[in-house]
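Below: one structure, written as structure tokens.
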Amino acid sequence: MHKHYTGLIERYRDRLPVSANTRIISLNEGNTPMIQLQNIPRILGKDVDIYVKFEGLNPTGSFKDRGMTMAVTKAVEEGSQAIICASTGNTSAAAAAYAARAGIKAFVLIPDGKIALGKLAQTLMYNATIIQINGNFDQGMELVKKVANHAPVTIVNSINPFRLEGQKTAAFEIVDDLGFAPDYHCLPVGNAGNISAYWKGYKEYALDRVCGNRPIMCGYQAAGAAPFLAGHPIENPETIATAIRIGNPQSWDLAWAAQQESGGWFDKFTDADILVAQKMLSQYEGVFCEPASATSLAGAMQDIKSGKIPEGSKIVCTLTGNGIKDPEIAMQQCADSKPVTIDADLDAVKRAILDSL
Ligand SMILES: *Cc1c(COP(=O)(O)O)cnc(C)c1O
């Protein structure tokens, strides 16, 4: 029988903290495609199955929608009239959209000048109140934690446990889609909520025997924002991958547990490595993700090349956000391939085609 898809809470309601009476705030998030890479494994010259979970196809263009549908649903259930978050951009877009859907207010604290243009535009359109701070995400996060004690607002950062509950459904979808859990799961790590949520999801499914194995979790950071490699929070994180420009991850212990329990590892990559991976995904696979997201593939490619991830492996890389969110980086990436401008006549078009064949 045909069933209209109405979002991840409905789909996985048995595994989520909702009741029959809960009013669900959803934009039909989740159910994102798993795209098997066809050309990049060939370029690497390795026999591996790499799937990308393209979370950029969520309603606001990032995986944050998974957590936000749960967090806002619970905030509304508890009678909250306003939500607040600190954000590098995607959390603010998601919070703003779900608040609009619910008919409540959203306040977002963002680092002045450090969020991608598309994310700012979205957040404005969804009509959130944007508070720009002369500081970074970590400072915004500390302020949000403090102000929530003084004002009637619900925090919807991933320290809100309902965020991780929603986000764990991505692991369910992967297992339900493939019929098994991958051998390796690679993802970018910023505030470290997502790696923690995936691990929670895989553990739940393995415990209930929905899958036989649990993946090895590989968390990849930007070199200038790599507290998990330093072993402690860092003061001034810096990277073009603004979504992971975080020095003091809030899910510190949970992420270490995911790494240790799964037998996985953390690693870090330069901005140049991240941009190469982003361009490769677009150019060779037709998948346009934002820079932070490509960190997962940068890591997978390195570890496949070195043999740390052996041939024969099945690998999932989460592509956390959509490339369209950050048009400025994309234009910089393509600075050498500017469009040609010609006269509007047939000969000129013919010549332009023949010149570049
Ligand atoms: C939030 C975000 C991340 C980082 O996820 P964490 O849960 O903070 O580790 C990575 N990529 C994108 C695009 C994001 O929006």
Restricting the search to the range 254-285, which residues are of a type outside the set (D, E, K, R), more than 16 Å from the ligand (Cβ to nearest atom), in contact (Cβ under 8 Å) with a residue 24 or more places away in the chain and open to solvent by less than 70 Å² (accessible area, probe 1.4 Å)?
G263, T270, M280
Of the residues in the range 75-96, how many are open to solvent by 20 Å² or more (accessible area, probe 1.4 Å) and part of a helix (DSSP H, G or I)?
2
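Can you tell me which residues in the range 149-177 are of a type in the set (A, V, I, L, M) and under 15 Å from T91 (Cβ atoms)? Outline the logic, then answer.
Within the range 149-177, the first condition is being of a type in the set (A, V, I, L, M), and the residues that meet it are 151, 153, 155-156, 159, 164, 170-171, 174-175.
Correct list: V153, I155, V156, I159, L164.
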Suppose the filter is closer than 11 Å to N157 by Cβ, without any contact (Cβ under 8 Å) to a residue 60 or more places away in the chain and open to solvent by 10 Å² or more (accessible area, probe 1.4 Å); does K105 pass it?
no
Scan of the range 189-223 for residues that are in contact with a Phe, Trp or Tyr (Cβ under 8 Å, 6 or more places away or on another chain), within 8 Å of the ligand (Cβ to nearest atom) and aliphatic (A, V, I, L, M), ordered by number
V189, A192
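Of I309, I304, which residue is assigned to a loop (DSSP other than H, G, I, E, B) and over 15 Å from Q333 (Cβ atoms)? Write out each step before concluding.
On the way: I304 fails: assigned to a loop (DSSP other than H, G, I, E, B).
Result: I309 is the single residue among I309, I304 that is assigned to a loop (DSSP other than H, G, I, E, B) and over 15 Å from Q333 (Cβ atoms).
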If we scan the range 235-253, do we find a residue that is open to solvent by 70 Å² or more (accessible area, probe 1.4 Å), touching a residue at least 12 places away in the same chain (Cβ under 8 Å) and touching a helix residue (DSSP H, G or I) at 6+ places or on another chain (Cβ under 7 Å)?
no
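It is to be established whether one or more residues within the range 210-222 are assigned to a helix (DSSP H, G or I), modelled with pLDDT of 95 or more and surrounded by 24 or more Cβ atoms within 10 Å (Cβ to Cβ).
First, pick out the residues of the range 210-222 that are assigned to a helix (DSSP H, G or I): none.
The answer is no; no qualifying residue exists.
Per-residue answers, yes or no, for (1) of a type in the set (A, V, I, L, M); (2) within 13 Å of the ligand (Cβ to nearest atom):
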{"site": "R13", "(1), (2)": "no, no"}
{"site": "Q38", "(1), (2)": "no, no"}
{"site": "G45", "(1), (2)": "no, no"}
{"site": "I50", "(1), (2)": "yes, no"}
{"site": "G61", "(1), (2)": "no, yes"}
{"site": "M68", "(1), (2)": "yes, yes"}
{"site": "K74", "(1), (2)": "no, no"}
{"site": "I84", "(1), (2)": "yes, no"}
{"site": "R101", "(1), (2)": "no, no"}
Please go through the range 304-329 and pick out each residue that is near the ligand (Cβ under 10 Å from one of its atoms) and out of contact with any strand residue (DSSP E or B) (no Cβ under 9 Å at 6 or more places or on another chain).
D326
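The values are calculated or read from the model by the stated rules, or taken from the named source; none is laboratory data. For clarity, every value in this text was computed on a predicted model and none was experimentally measured. Positions of Cβ are backbone-derived with ideal geometry, glycine not excepted, and every protein chain shown enters the neighbour counts. Keep in mind that these areas ignore ligands, DNA and RNA; they rest on the heavy atoms of the full protein, side chains included. Shrake-Rupley method; radii C 1.70, N 1.55, O 1.52, S 1.80 Å.
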